[in-house]
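For reference, the structure discussed in these notes is given below.
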Amino acid sequence: MNAGPAFSRHRARSFISLAGLLLCATIARSQPSPQAPTVAPLPPVAVTAARTPQPILDLLADVTVIGPDEILRSGVQTLAELMQRQPGAEIVQNGGPGSTSGVFLRGANTAQTLVLIDGMRISSSTSGQTALEAIPVSQIDHIEILRGPASSLYGADAIGGVIQVFTRRGTAALNANVSGGYGTYDTSDITGGLSGSAGPARFSVQADARRSTGFNAIVNPLNLSYDPDQDGYKEESITASGAFTYAPDQELTAQYFRSRLNAQFDGGDNFDDRTITTVQTWQVATQNRFADVWTSRLSGGVSHADSVSETAFGNAPFDTTQRQFTWQNDFTLPLGRLTLALERLEERVATDPPFPVTARNTNSVTGVYQLRVGEQALQANLRVDDSNQYGTHTTGALLYGYRFTPDWRITASYGTAFKPPTFNDLYFPGFSNPNLVPETSHNVEAGVYGRGSAGDAQWSFRSIGWYNRVRDLIVFECDANFNCAPQNVDTANLKGIELGGDLSWNATHIVASIDFQSPRNATSGAQLPRRALRHGALQMTQQIGPVSVGAEVVASSLRYDDAANTITMGGYAIVNLTAQWSLAHGFSLFVRANNVFNKNYQLAADFSTGGAQVFGGVRWQL
């Protein structure tokens, strides 16, 4: 059993050497061209920061948009891998791709960041976590990351921010794509899709199948879950969407997403322990312009987050169903813009062992007012969430911006957020506390943004500072008699400064960001588990004729794996390389090499990250 990982590491080094030779050969055969296209710009608008489209350059909140071209060029194979490159984001992963993954956004807990797929909640109501590992990159059109408290826009869980994933949509012209690839640990991936239109109707469908034999997740033999085997996975996913414009400014839409991930994990025995995770959403909506100043959107949908762990002790299912209904109205006023939204969320859980309470309903009303007068901008959010389980919570935010030159602006904001206890916290037999109250946060931040040009070069810069105080943190504690249950006992102080920018000239593009932060327990002063004081990323891409090459560095300082700060995980810096070669008739070759210097680092104590790895293949797009 030990020969497999060693052989895989040998293959990784061979693949990386081959990728380097291919990269050198393609560059040698390509001539630099002054007409080569530069890296595509970010999409012109974002919707997550105010629930309505806003020009990116006018945003008052700290938002990153990851567009479809950037996702394609990156060559990443997982959502966690893509998030690791983003400002303010750190990832945790219990092994390789397919294993449990999470994101710390601005130092907040993984369950304190709300994740949406096409506006639909997909987190588990039992654990509070979102199965990022079950969201394939191949199904994503673009992603918007809103950093900072956003409960005043989206309700519960948005203490650290919001990650909204938008799946693929139909296009006016006929488009088709097929790709296949193979890499380290016998990883293979085949994906294909078709989109287009017929008269007033548009459609899109995309399917993906991915497999890997994986590697041994836990590498410490002293860990009670240690099991010296390979922990692989297999995943199948599909997205589909349709839109029908039956009159000018009147449209019906439908979206569907489903992913099933069957992933092995170490359980400390000879049993083939695995978790089968299914994430599924569907939604229908009608969008109507009733007047020049009034647009309405009425939507309804259902999401499922089902998890079954198969172990030597039996199966443990934890299923969440969320029915979500929204009616949003956007009004253009004589002075400013007003958004009003009514929402209802119905959560249902099914577990083994069963819980005494398996349902909760939340009704919400949200108001967002936006105003721009000259060089000044204002946004005010107010939301009331009324739950039959955890009561009524009111959250708000006030954001202000001033553009003191055409290229420079400043922003400042204050906002509140909350996260209710999960069903596990409240009702898990023998280890719960029905008296828990929601966690709450208060956040202040300020930012400076600039952009400009010099000759053929264009640049942008940003600096954002924040302070987020989170109270009534839910912590699992045991008393002197070893009676264990979650309690509202802690307060966390999350503060930091984010610096970032990008530089483009001719066919070269550089993006960099670094976060200096202090995520600490306010009582003990201890650094919060698995979060660093410094982390950042540097990415560079170069277009040379038909070849695009890229290099990136992802780095983090020391972290601790426990709340007492006794289990240390050292800092790291890894180097990744990418290349794409555009051929004739829509074909292209691609390759990505991760951790090319085979750095031994951990994102969770005792868990391997797999060493040097490479994945490459061929893609065709109509």
Checklist entry - On the given criteria, is L399 under 30 Å from P55 (Cβ atoms) and either surrounded by fewer than 19 Cβ atoms within 10 Å (Cβ to Cβ) or not acidic (D, E) (or both)? => result yes
Checklist entry - Of the residues that sit in the range 256-275 and are more than 12 Å from A131 (Cβ to Cβ) and of a type in the set (G, A, S), which one is farthest from the chain's Cα centre (by Cα)? => result G268
Next on the checklist: Looking at L371, L333, L340, L345 in this structure, which one is under 15 Å from Y154 (Cα atoms) and either surrounded by fewer than 19 Cβ atoms within 10 Å (Cβ to Cβ) or among the small types (G, A, S) (or both)?
Outcome noted: L340
Checklist entry - Would a scan of the range 498-515 turn up a residue that is surrounded by fewer than 21 Cβ atoms within 10 Å (Cβ to Cβ), free of Cβ contacts under 8 Å to residues at least 24 places away in the same chain and closer than 26 Å to R534 by Cβ? => result yes
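One line per residue, one yes/no per condition, for (1) assigned to a strand (DSSP E or B); (2) buried (at least 23 other Cβ atoms within 10 Å of the Cβ); (3) touching a helix residue (DSSP H, G or I) at 6+ places or on another chain (Cβ under 9 Å):
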site: G96; (1), (2), (3): no, yes, yes
site: V103; (1), (2), (3): yes, yes, yes
site: G107; (1), (2), (3): no, yes, no
site: V115; (1), (2), (3): yes, yes, yes
site: T130; (1), (2), (3): no, yes, yes
Checklist entry - Of all residues in the range 217-240, how many are outside any strand (DSSP E or B) and either within 25 Å of the chain's Cα centre (by Cα) or among the acidic types (D, E) (or both)? => result 3
Checklist entry - Does D292 count as in contact with a strand residue (DSSP E or B) (Cβ under 9 Å, 6 or more places away or on another chain) and crowded, with 17+ Cβ neighbours inside 10 Å? => result no
Checklist outcome for this item: Note on the range 597-613: residues in contact with a Gly (Cβ under 9 Å, 6 or more places away or on another chain), part of a loop (DSSP other than H, G, I, E, B) and either small (G, A, S) or closer than 28 Å to N177 by Cβ (or both) are A604, S608, G610
Item to check | Conditions (1) part of a strand (DSSP E or B); (2) of a type in the set (A, V, I, L, M, F, W, C); (3) within 30 Å of Q370 (Cα to Cα): number failed by L335 | outcome: (1)
Checklist entry - In the range 364-388, which residue that is among the charged types (D, E, K, R) and part of a strand (DSSP E or B) is nearest to P334 (Cα to Cα)? => result R372
Checklist entry - Residue check, L261 against (1) closer than 30 Å to F215 by Cα; (2) surrounded by fewer than 18 Cβ atoms within 10 Å (Cβ to Cβ); (3) aliphatic (A, V, I, L, M), all met but one. Which one? => result (2)
Item to check | Condition broken by R383, with the remaining ones in (1) charged (D, E, K, R); (2) surrounded by 14 or more Cβ atoms within 10 Å (Cβ to Cβ); (3) more than 25 Å from the chain's Cα centre (by Cα); (4) over 16 Å from G128 (Cβ atoms) satisfied | outcome: (3)
Checklist outcome for this item: If we take the range 515-588, then strands (runs of 3 or more DSSP E) inside it with 2 or more residues that are closer than 30 Å to R469 by Cβ are 534-544, 547-556
Checklist outcome for this item: Going through the range 169-196 in order, the residues found to be of a type in the set (V, I, T) and exposed (fewer than 15 other Cβ atoms within 10 Å of the Cβ) are T171
Checklist outcome for this item: Exactly one of A492, A532 is under 20 Å from E81 (Cβ atoms), of a type in the set (A, V, I, L, M), touching a Gly at 6+ places or on another chain (Cβ under 9 Å) and buried (at least 20 other Cβ atoms within 10 Å of the Cβ), and that residue is A532
Checklist outcome for this item: Inside the range 309-364, the number of residues satisfying the requirement of being farther than 30 Å from G98 by Cα and of a type in the set (A, V, I, L, M, F, W, C) is 10
Next on the checklist: Can you confirm whether L503 is at pLDDT 95 or above and within 21 Å of the chain's Cα centre (by Cα)?
Outcome noted: no
Item to check | Count of residues meeting criterion [hydrophobic (A, V, I, L, M, F, W, C) and under 11 Å from Y560 (Cα atoms)] in the range 508-538 | outcome: 4
Next on the checklist: Could you go through the range 352-365 and let me know if any residue there is surrounded by 15 or more Cβ atoms within 10 Å (Cβ to Cβ) and over 23 Å from P420 (Cβ atoms).
Outcome noted: no
Next on the checklist: If a residue must be under 25 Å from S513 (Cα atoms), of a type in the set (A, V, I, L, M) and in a helix (DSSP H, G or I), how many such residues does the range 132-150 contain?
Outcome noted: 2
Next on the checklist: Given the criterion out of contact with any His (no Cβ under 7 Å at 6 or more places or on another chain), of a type in the set (A, V, I, L, M, F, W, C), part of a loop (DSSP other than H, G, I, E, B) and over 18 Å from S608 (Cα atoms), identify the matching residue among F257, F271.
Outcome noted: F271
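The values are calculated or read from the model by the stated rules, or taken from the named source; none is laboratory data. Computed from a prediction, not measured in an experiment: that's the story for all the values here. No Cβ is skipped: glycine too gets one built from the backbone with ideal geometry, and neighbour counts run over all protein chains shown.
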